[in-house]
Amino acid sequence: MSFSATNFAQPRPVPVGIRSNEKSLSSDPFRFRFRGSPSFLGSPHSLRFNPTPPLKLAIPHSRRSPAAAVTDVSNGKMVKSSANMLFGFVLQLITKEEGLELYEDMILGRFFEDMCAQMYYRGKMFGFVHLYNGQEAVSTGFIKLLKKEDTVVSTYRDHVHALSKGVPARAVMSELFGKATGCCRGQGGSMHMFSKEHNLIGGFAFIGEGIPVATGAAFSSKYRREVLKEASADHVTLAFFGDGTCNNGQFYECLNMAALWKLPIIFVVENNLWAIGMSHLRATSDPEIWKKGPAFGMAGVHVDGMDVLKVREVAKEAIERARRGDGPTLVECETYRFRGHSLADPDELRDPAEKARYAARDPISALKKYMIENKLANEQELKSIEKKIDEVLDDAVEYSDESPLPPRSQLLENVFADPKGFGIGPDGKYRCEDPKFTQGTAHV
Amino acid sequence: MLRAIRHKNILPAFSAFRAFSSSAKEMTVREALNSALDEEMSADPKVFLMGEEVGEYQGAYKITKGLLDKYGPERVLDTPITEAGFTGIGVGAAYYGLRPVVEFMTFNFSMQAIDHIINSAAKSNYMSAGQISVPIVFRGPNGAAAGVGAQHSQCYAAWYASCPGLKVLSPYSSEDARGLLKAAIRDPDPVVFLENELLYGESFPVSAEVLDSSFCLPIGKAKIEREGKDVTITAFSKMVGYALKAAEILAKEGISAEVINLRSIRPLDRSTINASVRKTNRLVTVEEGFPQHGVGAEICTSVIEESFGYLDAPVERIAGADVPMPYAANLERMAVPQVEDIVRAAKRACYRSVPLAATA
C-alpha cells in the first residue's frame, strides 16, 4: 500500500500493478500516490513514459499534499489555485530561510561534485570517485531535518551526504586529495567518509554493508534509552543506499530486524534506476521497492526524489515516527544521477532521451523556480548564494592543495584503538595490570 | 592426572603471590565462559549479548545459561538467523560505544558475516583515522567437533589472524577462557574469540585469583604450559591438550618438550616463541586447521626470520589434513592431528627417527 505524505496508514496487502500510463491511475480513486509523475519509470525500452504529469490526477477526495506543487510548477502548470490552497488558504511549505538553506545545500552538493570531476581529470584525485549530481534533493531533503546527534550512514556515493550533514567542504576535499587534513586524515578516501563529530559513520564500499551498521546505530539509540535509561537518547538513523542494494540479502535481514525491534531508523532508497550498467528493471522481480516495507510490517513510501520539498515532507513524517519510537520507515526516492556510476564509467547504456527527461527535472532548477514564483527569494539572492559557494569551493581546493600529505609515521597508526596496541596501555604496561582497566564491581 | 599449571604468566592485579594448594577448585570451560560473561555484564551495563539461541534456549552450547533470566531480553538478544544482519547491527552499536558480544553458533557461520567482521569492524578504526573504535567481541566454537562434517569443522584462526585491525584469541583451559574473555570484552578493539566445542565440558583446576571478578589475562602474551629443553611445541586451543599428552610420552623417552599455549593468535607472541626456540633449538607447530597459509606457517617463518642461527633441525609443522573434513569417524581421526603425530614430529625434529621427505 502506498501512502500520501500526510497520512501513513498501517500497511495492508493491496494488489498493485505497474502502471504505464495515467489513465489507469485516475480510474482508481483510492490509490494515493505521493508523487508528481506517473508510475514506474524504467528503461525506455519497456515502458512508455509520459513526461507531462497528469495534473488531472485531481482524484475527487484526494488529500494531495501541497508539496505536489513544486514539480508541477516547474513543468509549467499553474496550479496555485488548487494545490496550494488547502481549506481555502495558501499554505507556505517553507519559510524564506528554510528555502535559502535548502538551496544553498543543494548548490554546495552540485558544485562540489562538479569540482571533484574537474580535479579528477587534473589528476589531483584518484581511485574510485562516485558523484551525486542530480540526487541532491534526497540528501538535502532528509539530512537538513536532522539534529547533530542523528546518524547518517551512506555508501560510496557519500560526498554530498557528508556535506549536508555538516562536514566542512575543506575536510571532504582534502580527504579526496588524500591529504593529512582530510576528515579521515587521508586514510579513508572517497568511499569511506567518517566523521564522529557530525555522526556520519561511513562511507561503505560494499553495497548493503552500511544497512546493518545503520540498524546497529539505531539499536544503540534504543538501547541507551531503554536499558541505560538515558532519556535524551532519541537519535534517529538514516541509511542511504541504492536500487541495486534492494536485491541484497542484508537489506531484507535488516528490514526484518528493524521492524521486529521497532528501531528508530529510516531506510532511504535512492532509486536512480541504474546499478552501474544494470537497469533496475532487468535485475528486480518486482521493481517497486516501497512495497517491500509493508511486507515486513513497516510503512513503505514512494516519493519523487527530484523534488526537494516533497522529499522533505516525507522525511519529516518518517523522522518523527522514528523519534517517538514507532519504528522504521522505508522511503523509496525516485531520482536520477546525471553522471555515470563513477568517473571511470563511460555511461553508454543509458538512453540520452531518458537523461534529457530527468535533466529537465533538475531539483535545483525546480526549487529555484518555486522560490521565485512564490516570492520567497529573487534572482539576486540566489545568485549570491551560488557565488558564495563558488568561493567556498575555491578555498577548499586551495586548502587541500596546500595541505601536507600524511607523514610516513601515519601508516601504522590507528589500526587499533588501543594506543600502543596489543593489550598494552599508554603507560607501557599490560592493560590488565592497571587497576582502572579492571574496575567495575561485578555483583555475582 | 593433576596437571601442574604454571602460574608464571598470569599477571595478577595485585602483587602478592600465593601458595597454590593442590585442592584448587575445578571449573569447566563452559562455566568459565559463563561466569566471565556474567561478571562483565554486571560490571558494565553497555555489554550485551547477541546471537542465535543465546537467550531462551540458554545458548546453543549452554554457554549463556541463566543470563537471560538475570539480565532480561534487552541485554540478551535472541536474533533471527541472519548472521550478516546481526553482526552488522552489533558493529553499528559498537560504533556508538556499546559493547556487544556477538555469538556465532560456530565460526563456520561467521563466513556469512565476514564482511562485517573485517570491513566494518576491523578496518573502521583505520579508515576513520581513529575516530571510531569498535569494542566488539565475536565469539563461538571454532574448529572440528565430532562427526559434524565438512561445513561445520573448519578452523578460522588463520583467516582472521591475517587481518590487521582484529585481535584473535584462542583459549585452552578454564583460566584462559575466563581471563581472555574478560580482557576481550574490556578491549576497545574488535576481538575474535575462538573457543572449541569439545573443550567446553573439560574441567581444569583454577586458583582463587582466577575466580576473582577482576581477573584478566594480557592479550598478546603466550603461556608456557610446560617447560622443557629439547624441543618447543607450540599449539592453541584443543591442540594444547594433545601437545601436553605428547610431552608426557616424549618425557618417558627422554625428550623434554616445552609446550607453549599461544593464547593469542593475533598478535602472535613472537618473542616468547623465539626465546623458547633459542633455548631448545627445535620447533614443532601444531594446529588443527588447514596447513597452507596456516598459523604454523606464520610461526615457522617468524622463527626462521629471527632465530635461524639457533635452529638445529628443520621446523616441523603439524596441521589438519589438506582436505575438507570427512564424515566417517576413522577418516576424521586421520584428518585432525593426533597425539602420535605430534610425538612423531617431535622425534623427527630430534633426529630420533628416520626423517621423512614430506608430510605423511
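The values are calculated or read from the model by the stated rules, or taken from the named source; none is laboratory data. Predicted model only: the values in this text are computed from it and were never measured. Positions of Cβ are generated from backbone atoms using ideal geometry, with glycine treated the same way; all protein chains shown enter the neighbour counts. These area figures cover heavy atoms from the full protein model, side chains too; ligands, DNA and RNA do not enter into them. Shrake-Rupley method; radii C 1.70, N 1.55, O 1.52, S 1.80 Å.
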Subset of segment B:23-54 [away from chain A (no Cβ under 11 Å), assigned to a loop (DSSP other than H, G, I, E, B) and modelled with pLDDT of 95 or more]: none
Test set (1) modelled with pLDDT under 95; (2) in a strand (DSSP E or B) - B:L194 fails condition number: (1)
Single unsatisfied condition, A:A231 versus (1) under 23 Å from A:G141 (Cα atoms); (2) assigned to a loop (DSSP other than H, G, I, E, B); (3) away from every other protein chain (no Cβ under 14 Å): (1)
First in segment B:30-53 and within 16 Å of B:E103 (Cα to Cα), second anywhere and surrounded by fewer than 21 Cβ atoms within 10 Å (Cβ to Cβ) and of a type in the set (D, E), Cβ under 7 Å, 6 or more apart: B:E53/B:D78
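Do we find that B:E225 is open to solvent by 10 Å² or more (accessible area, probe 1.4 Å) and assigned to a strand (DSSP E or B) in this structure?
Working: open to solvent by 10 Å² or more (accessible area, probe 1.4 Å): yes; assigned to a strand (DSSP E or B): yes.
So B:E225 fits the description; yes.
Please find, among B:I265, B:I273, B:I318, the residue that is of a type outside the set (F, W, Y) and under 17 Å from B:W159 (Cα atoms).
On the way: B:I273 fails: under 17 Å from B:W159 (Cα atoms); B:I318 fails: under 17 Å from B:W159 (Cα atoms).
Unique residue meeting the criteria: B:I265.
Test A:L281 against the stated conditions and say whether it is more than 22 Å from A:T140 (Cβ to Cβ), aliphatic (A, V, I, L, M), modelled with pLDDT under 95 and part of a helix (DSSP H, G or I).
yes
So which residues in segment B:94-139 are assigned to a helix (DSSP H, G or I) and either closer than 15 Å to A:T215 by Cα or within 8 Å of chain A (Cβ to nearest Cβ) (or both)?
Scanning segment B:94-139 gives B:A94, B:Y95, B:D115, B:H116, B:N119, B:S120, B:A121, B:S124, B:N125, B:Y126, B:M127.
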Qualifying positions in segment B:85-100 - of a type in the set (A, V, I, L, M, F, W, C) and either closer than 16 Å to A:L260 by Cβ or touching a Phe, Trp or Tyr at 6+ places or on another chain (Cβ under 7 Å) (or both): B:F86, B:I89, B:A93, B:L98
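Scanning segment A:168-207 for residues that are in contact with a strand residue (DSSP E or B) (Cβ under 7 Å, 6 or more places away or on another chain) and in a loop (DSSP other than H, G, I, E, B), which turns out surrounded by the fewest Cβ atoms within 10 Å (Cβ to Cβ)?
First, pick out the residues of segment A:168-207 that are in contact with a strand residue (DSSP E or B) (Cβ under 7 Å, 6 or more places away or on another chain): A:183-184, A:188, A:191-194, A:199-203, A:207.
Then drop every residue that is not in a loop (DSSP other than H, G, I, E, B), which leaves A:183-184, A:188, A:191-193, A:199, A:207.
Details: A:C183: 29, A:C184: 24, A:G188: 26, A:M191: 22, A:H192: 23, A:M193: 32, A:N199: 22, A:I207: 19.
Applying the filter and picking the extreme gives A:I207.
Answer with yes or no whether A:K124 is in contact (Cβ under 8 Å) with a residue 60 or more places away in the chain, within 29 Å of A:Y370 (Cα to Cα) and open to solvent by 30 Å² or more (accessible area, probe 1.4 Å). Reasoning before the result, please.
Details: in contact (Cβ under 8 Å) with a residue 60 or more places away in the chain: yes; within 29 Å of A:Y370 (Cα to Cα): no; open to solvent by 30 Å² or more (accessible area, probe 1.4 Å): yes.
No; evaluated as a whole, the condition is false for this residue.
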Matching residues in segment B:112-145 - criterion: being more than 26 Å from A:Q410 (Cα to Cα) and either of a type in the set (A, V, I, L, M) or open to solvent by 20 Å² or more (accessible area, probe 1.4 Å) (or both): B:Q112, B:A113, B:I114, B:V137, B:A144, B:A145
Meets criteria (on the phi < 0 side of the Ramachandran plot and in contact with a helix residue (DSSP H, G or I) (Cβ under 9 Å, 6 or more places away or on another chain)) for A:W290: no
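So, in segment B:75-96, how many residues would count as being farther than 19 Å from B:S128 by Cα, of a type in the set (V, I, T) and more than 23 Å from the chain's Cα centre (by Cα)? Walk me through how you get there before you give the answer.
Within segment B:75-96, the first condition is being farther than 19 Å from B:S128 by Cα, and the residues that meet it are B:75-87.
Still in the running and of a type in the set (V, I, T): B:76, B:79, B:81-82, B:87.
From what is left, the residues that are more than 23 Å from the chain's Cα centre (by Cα) are B:76, B:79, B:81-82.
Going through segment B:75-96 one residue at a time, the tally reaches 4.
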Condition met for B:V206 (open to solvent by less than 40 Å² (accessible area, probe 1.4 Å), away from chain A (no Cβ under 14 Å), touching a Cys at 6+ places or on another chain (Cβ under 7 Å) and in contact (Cβ under 8 Å) with a residue 60 or more places away in the chain): no
Residue among B:A275, B:A257 that alone is surrounded by 24 or more Cβ atoms within 10 Å (Cβ to Cβ) and either more than 22 Å from B:K347 (Cβ to Cβ) or at pLDDT 95 or above (or both): B:A257
Count - residues of segment A:187-220 that are touching a residue at least 40 places away in the same chain (Cβ under 8 Å), at the interface with chain B (Cβ under 8 Å from one of its Cβ atoms) and among the hydrophobic types (A, V, I, L, M, F, W, C): 9
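Could you tell me which residue of segment B:260-272 is least open to solvent (accessible area, probe 1.4 Å), considering only residues that are charged (D, E, K, R) and touching a helix residue (DSSP H, G or I) at 6+ places or on another chain (Cβ under 8 Å)?
Of the residues in segment B:260-272, the ones charged (D, E, K, R) are B:263, B:266, B:269-270.
Then drop every residue that is not touching a helix residue (DSSP H, G or I) at 6+ places or on another chain (Cβ under 8 Å), which leaves B:263, B:266, B:270.
Numbers: B:R263: 5, B:R266: 67, B:R270: 87 Å².
The residue in question is B:R263.
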